[in-house]
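Comments concern the structure below.
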Amino acid sequence: MLRLKVNNSVKASTIASEIKTPVISDTYKSGFYSFDNKTNVDIGITLLDDTPTKVMILDNDMNIEFLTRAPYQYRFYLRNIEPGKTIGIVGEGKVAITFEQSK
């Protein structure tokens, strides 16, 4: 049996010990919102407080295309949202919404 002894030392330090809030375009409360995007976008949704809140996407005729309960402090994306859609927020929570060009 062969034993090898390797003298490696590893040092670690804390670089950051804070939670950074993601960049948000704006914060919204209960209501219906239309935006002036000219092309398809990816929409980032983050519920900022622990209050039951639902987010929906409606078409031009106000038919529900998507409906979900927003998870607290977890960012999720609605991908490839076409121009002319309406975002509905139902509940007392504060919702951060970001817009990014669709990939």
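Quick note: the coordinates plus some simple rules give every number you see, no bench work behind them. Just so it is clear, the model here is predicted, and its values are computed rather than measured. So basically every Cβ, Gly included, is an ideal-geometry build from the backbone, and we count neighbours across all protein chains shown.
For this structure, a couple of remarks:
- One residue stands out in the stretch 76-91 among those that are touching a Lys or Arg at 6+ places or on another chain (Cβ under 9 Å) and of a type outside the set (A, V, I, L, M, F, W, C): the one that is nearest to Lys54 (Cα to Cα), namely Gly91.
One line per residue, one yes/no per condition, for (1) exposed (fewer than 12 other Cβ atoms within 10 Å of the Cβ); (2) in contact with a Pro (Cβ under 7 Å, 6 or more places away or on another chain):
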residue	(1), (2)
Asn40	no, no
Thr46	no, yes
Lys54	no, no
Ile57	no, no
Ile64	yes, no
Val90	no, no
Val95	no, no
Glu100	no, no
